[in-house]
Amino acid sequence: MKRVAVIGGGPAGLMAAQQLADAGCEVDLFDAMPSVGRKFLLAGRGGLNLTHSEPFEAFAGRYASRRPQIEPLLRTFDAQALRDWVHGLGVQTFVGSSGRVFPIDMKAAPLLRAWLHRLREAGVRFHMRHRWLGWAGTGAHVPLQFESPEGRLTRSADAVVLALGGASWPRLGSDGGWVPVLEARGVPVAPLRPANCGFDVAAWTPFFAERFAGQPFKSVAVRVLDAGGEAVTRKGEFVATATGVEGSVVYAVSALLRDRIAAHGTATLWVDLLPDRSEAQVLAAVRHPRGSRSLGSHLKSRLGVEGIKSALLHELLPREQWQDPLRIAQTLKAAPIELVAARPVAEAISTAGGVAFEALDGGLMLQAMPGVFVAGEMLDWEAPTGGYLLTACMASGVVAAQGARRWLGMAAD
Ligand SMILES: Cc1cc2nc3c(=O)[nH]c(=O)nc-3n(C[C@H](O)[C@H](O)[C@H](O)COP(=O)(O)OP(=O)(O)OC[C@H]3O[C@@H](n4cnc5c(N)ncnc54)[C@H](O)[C@@H]3O)c2cc1C
């Protein structure tokens, strides 16, 4: 029987382990943490957005410049395959109003429990608290080396699937510690960077930071410039933090903002605080006679601008411009928030960068290390939230397992 070591028990590694065990391999799964699937469980706190129901064409487009590399993975295991797999574990799914797909109870724990039960039944052996350190020596077939509660040990396998995750939320296990190990073996790795992340502003005033950190900007639209200078707009909401901004609509444009900051030092997030009104309508409302009322109560009664939206206006408009209706209307329609840095990858939802696809064959095997396969977020791709992360992680787990089976001389689908 062929022995395969799967290292990393996130969704990518667990999916690879399942495929290999179902195909009759002897599978040992190693993870540095005391239990597997910790980030998967954390994702469950937000409802566990498994995948998305939009048509394949739109879905594949979410991987932007990595579409050519991710699309073949999705053709092997797509959103429907993922839903079928979840149903096969006895968990039903539903499509939310945004097209996102969730388990019916919006929890990750029951799904993970059922999955682990199935893996154990299929014979997968779990080795927790085994931190992979690399290979014990040089050459392609030297044993794997682990730090374990019993001390340092080595294990051999006929094939290896690495599914070690990115570098976000390192306390859940994925800390990017594998980067120097693979680089030392000649594997090209694009620097790990934050994806779906928050940003720091140049400076909120102490008043704004103290009073409004944690408060949401609801029903707004944001606009950013892409690398070619084209405007990209998204509607939604985000939250002010003590040092900047974070939240869903910021995450949606975070790759553009991150890359713009890297190229130019800063990036502007233009916020339309009144996306359902034209600038002319806003200007007319600002200009409307207000009698003895303060400007603040005028904007509140005519435009519903209050709380954090009004505070942002105060942050951005110098005192003298408060007499200028045009400047006020322009700022309400395009409040420029200057961003100076992405928050660290440790705080991000996901990781950009990773093992370069050029280093892999179509079965996700490292060309520099035959018999070693790579899956999940440790590959060099990124995607927005919406279920695209888990779908590609699991699809890559399926493809890496198929690649391993082919390499081991076992028939793969
Ligand atoms: C707050 C939050 C919410 C999220 N919500 C969603 C969501 O709703 N939908 C979605 O699609 N995605 C979501 N994601 C992203 C998703 O969880 C990840 O993309 C996914 O878990 C990555 O899977 P993976 O298997 O590649 O890596 P991981 O899940 O990170 O697993 C990697 C595993 O490798 C182990 N490991 C690392 N290094 C070593 C080592 N040296 N030796 C041994 N083991 C090691 C780790 O302990 C870990 O168990 C969310 C992420 C976060 C942080």
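The values are calculated or read from the model by the stated rules, or taken from the named source; none is laboratory data. Predicted model only: the values in this text are computed from it and were never measured. Backbone-built Cβ (ideal geometry, glycine too); neighbour counts: all protein chains shown. Areas reflect the complete protein model, heavy atoms only, side chains present, ligands, DNA and RNA absent. Shrake-Rupley method; radii C 1.70, N 1.55, O 1.52, S 1.80 Å.
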Q. Can you find a residue in the range 391-398 that is assigned to a strand (DSSP E or B), over 30 Å from SER156 (Cβ atoms), modelled with pLDDT of 95 or more and within 16 Å of the ligand (Cβ to nearest atom)?
A. no
**Q.** strands (runs of 3 or more DSSP E) completely within the range 142-210 that count 1 or more residues being among the aliphatic types (A, V, I, L, M) and crowded, with 20+ Cβ neighbours inside 10 Å
**A.** 144-148, 159-162, 189-195, 199-201
Q: Kindly indicate the residue of the range 96-127 that is without any contact (Cβ under 8 Å) to a residue 60 or more places away in the chain and touching a Phe, Trp or Tyr at 6+ places or on another chain (Cβ under 7 Å) and also farthest from LYS39 (Cα to Cα) among those meeting that condition.
A: GLY96
Q: Filter the range 369-380 down to the residues that are open to solvent by 10 Å² or more (accessible area, probe 1.4 Å) and either assigned to a loop (DSSP other than H, G, I, E, B) or free of Cβ contacts under 8 Å to residues at least 24 places away in the same chain (or both), then identify the one that is nearest to the ligand (Cβ to nearest atom).
A: ASP380
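Every residue, every condition in (1) open to solvent by less than 80 Å² (accessible area, probe 1.4 Å); (2) basic (Lys, Arg); (3) within 30 Å of ALA64 (Cα to Cα), yes or no:
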site: LEU257; (1), (2), (3): yes, no, yes
site: ALA262; (1), (2), (3): no, no, yes
site: LEU269; (1), (2), (3): yes, no, yes
site: PRO275; (1), (2), (3): yes, no, yes
site: ALA285; (1), (2), (3): yes, no, no
site: ARG293; (1), (2), (3): no, yes, no
site: LEU303; (1), (2), (3): yes, no, no
(Q) Contact list please: Cβ distance under 9 Å, first residue in the range 326-354 and free of Cβ contacts under 8 Å to residues at least 40 places away in the same chain, second residue part of a loop (DSSP other than H, G, I, E, B) and buried (at least 16 other Cβ atoms within 10 Å of the Cβ), pairs at least six apart or on different chains. (A) ARG327/LEU317; THR331/LEU273; THR331/LEU317
Q: Could you pull out every one of the strands (runs of 3 or more DSSP E) wholly within the range 1-108 that has 2 or more residues that are more than 10 Å from the ligand (Cβ to nearest atom)?
A: 3-7, 26-30, 93-95
Q) Which one is nearest to the ligand (Cβ to nearest atom), of the residues in the range 137-166 that are of a type outside the set (A, V, I, L, M, F, W, C) and under 28 Å from ALA352 (Cα atoms)? A) GLY165
Q.
Anything in the range 242-255 that is within 22 Å of the chain's Cα centre (by Cα), open to solvent by 30 Å² or more (accessible area, probe 1.4 Å) and within 24 Å of THR205 (Cβ to Cβ)? List them, or say none.
A. THR243, GLU246
Q | Inter-residue pairs, beta-carbon under 7 Å, first under 19 Å from PHE217 (Cβ atoms) and in the range 275-294, second open to solvent by 90 Å² or more (accessible area, probe 1.4 Å) and not in a helix (DSSP H, G or I), 6+ apart | A | PRO275/LYS235
(Q) Looking at the structure I just gave you, is GLU320 modelled with pLDDT under 95, surrounded by fewer than 22 Cβ atoms within 10 Å (Cβ to Cβ), assigned to a helix (DSSP H, G or I) and not polar (S, T, N, Q)? (A) yes
